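Asker: Mind having a look at this structure? Questions to follow.
The values are calculated or read from the model by the stated rules, or taken from the named source; none is laboratory data. A quick note: this is a predicted structure, and the numbers were derived from the prediction, not measured. FYI the Cβ positions are ideal-geometry reconstructions off the backbone, even for glycines, and counts take in every protein chain you see.
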Amino acid sequence: MKSGVLKRLLPFLTLFVLFISLSIASENFLTTTNLSAVVRQTAVINIMALGMTMVIIAGAIDLSVGSILAMGGLLGTMAMEKGAPIPAGVAVGIAAGMFWGFANGFLVTRLKINPFIVTLGTLGIVRGLTLIISNGLPVHQIPQGFSYLGEGTVAGVPFVLWILLLCAAGVHTVLEHTRLGRYAFAIGSNPDAAYYAGIPVAFHTTAVFAICGMLTGLAGMIEASRLMTGQPTAGTGYELQAIAAVVIGGGSLRGGEGTVVGTLIGAFIMGLLANGSDLLGISPYVQQAIIGAVIILAVTVDELRKRKGV
């Protein structure tokens with residue numbers, strides 16, 4: 001019991017210790033400008049990770065989210081370049097993400113292919129199509145007002161933080177108070193038992209993939225807004241960070257476990273690590289190594305806990 005409580009509290013404690021340590025190590029950390037930058041930089045991964053949380057809870061995984069983010073951002077900005085209003089362009093990006101999320105879920109459930117293999121394949125397919133559509137060139141002719149999505153503020157708070165909180169509240173509600181959420185946990189815990197209990201496993205698995213794709217499309221539009229360009233190479237490696245956020249936050253790659261709050265904390269831990277590394281002059285290559293090591297550590301702790309039956 002004590003180990004279970006410690007597991008739930010560990011992400012909170014890690015974030016707190018990291019925050020205090022960086023406050024002491026760098027005088028520039030606790031400035032409004034820097035903290036706002038952390039929120040904006042972390043929001044994209046956070047929103048992707050919320051969708052990944054649902055997928056991992058359902059016992060699956062999505063390696064294609066980085067590529068989906070790039071296509072969503074590219075198609076949304078291309079729509080605006082051709083004269084579509086900003087809200088319509090954002091809707092195009094979200095719809096593109098939802099389409100590919102649905103495609104992933106369809107292939108996994110209807111063709112009975114392992115999610116790792118399916119999404120590894122769509123990672124390449126979507127990235128290739130994005131580069132073909134764009135000829136490898138970014139989109140620059142974007143309405144200036146589009147920058148508000150990623151860089152604007154409301155009541156002195158970054159606009160993306162409000163979007164993130166809204167998305168987090170929505171995903172939390174789905175997981176804790178809807179049939180889809182209950183079924184996702186059941187499917188992730190034991191898909192065979194869920195099937196024989198009468199749960200439409202294929203439908204709900206496809207649904208969580210589609211929601212993950214939708215949130216990734218939104219993240220793609222936020223990324224494009226921050227850069228003010230539709231970049232076909234955007235999102236490279238983001239799938240690793242999204243998965244890491246879920247795992248660091250207490251989610252289990254075996255399925256059936258995960259929380260919205262844990263995922264948010266996991267993403268902010270990585271955001272602070274990246275920001276602190278920049279402030280302290282640590283190489284970004286070292287940051288990549290740290291993320292990989294943290295994933296292995298988090299999964300190892302989870303496996304040891306399960307073997308002990310905690």
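Asker: Hey, could you check segment 92-111 for residues that are within 17 Å of I61 (Cα to Cα) and not hydrophobic (A, V, I, L, M, F, W, C) and say which is surrounded by the most Cβ atoms within 10 Å (Cβ to Cβ)?
Answerer: G97
Asker: Please determine, by comparing only the residues of segment 205-233 that are of a type outside the set (S, T, Y) and either touching a Pro at 6+ places or on another chain (Cβ under 9 Å) or without any contact (Cβ under 8 Å) to a residue 40 or more places away in the chain (or both), which one is surrounded by the fewest Cβ atoms within 10 Å (Cβ to Cβ).
Answerer: L227
Asker: On to the next question. Can you give me the number of residues within segment 4-60 that are among the β-branched types (V, I, T), touching a Pro at 6+ places or on another chain (Cβ under 7 Å) and either surrounded by 24 or more Cβ atoms within 10 Å (Cβ to Cβ) or free of Cβ contacts under 8 Å to residues at least 12 places away in the same chain (or both)?
Answerer: The number of residues fulfilling the criteria is 0.
Asker: Would you be able to tell me the number of residues in segment 69-97 that are at pLDDT below 95 and of a type in the set (S, T, N, Q)?
Answerer: Of the residues in segment 69-97, 0 are at pLDDT below 95 and of a type in the set (S, T, N, Q).
Asker: Considering only residues that are among the polar types (S, T, N, Q) and touching a Phe, Trp or Tyr at 6+ places or on another chain (Cβ under 7 Å), which ones fall in segment 223-274?
Answerer: S225
Asker: In this structure, is I133 surrounded by fewer than 18 Cβ atoms within 10 Å (Cβ to Cβ), touching a residue at least 40 places away in the same chain (Cβ under 8 Å) and among the β-branched types (V, I, T)?
Answerer: Yes: the conditions hold for I133.
Asker: Applying the selection to segment 61-78, what residues are surrounded by 22 or more Cβ atoms within 10 Å (Cβ to Cβ), in a helix (DSSP H, G or I) and of a type outside the set (S, T, N, Q)?
Answerer: V65, G66, I68, L69, A70, M71, G72, G73, L74, L75, G76 - these are the residues of segment 61-78 that are surrounded by 22 or more Cβ atoms within 10 Å (Cβ to Cβ), in a helix (DSSP H, G or I) and of a type outside the set (S, T, N, Q).
Asker: Of the conditions (1) crowded, with 20+ Cβ neighbours inside 10 Å; (2) without any contact (Cβ under 8 Å) to a residue 60 or more places away in the chain; (3) not in a helix (DSSP H, G or I), A244 fails just one. Which one is it?
Answerer: Failed condition: (3).
Asker: Any residue in segment 151-169 that is among the charged types (D, E, K, R), within 16 Å of G73 (Cβ to Cβ) and surrounded by 12 or more Cβ atoms within 10 Å (Cβ to Cβ)?
Answerer: Yes.
Asker: Return yes or no: is E239 surrounded by 15 or more Cβ atoms within 10 Å (Cβ to Cβ), part of a helix (DSSP H, G or I) and not small (G, A, S)?
Answerer: Considered against the rule, which asks whether it is surrounded by 15 or more Cβ atoms within 10 Å (Cβ to Cβ), part of a helix (DSSP H, G or I) and not small (G, A, S), E239 comes out as yes.
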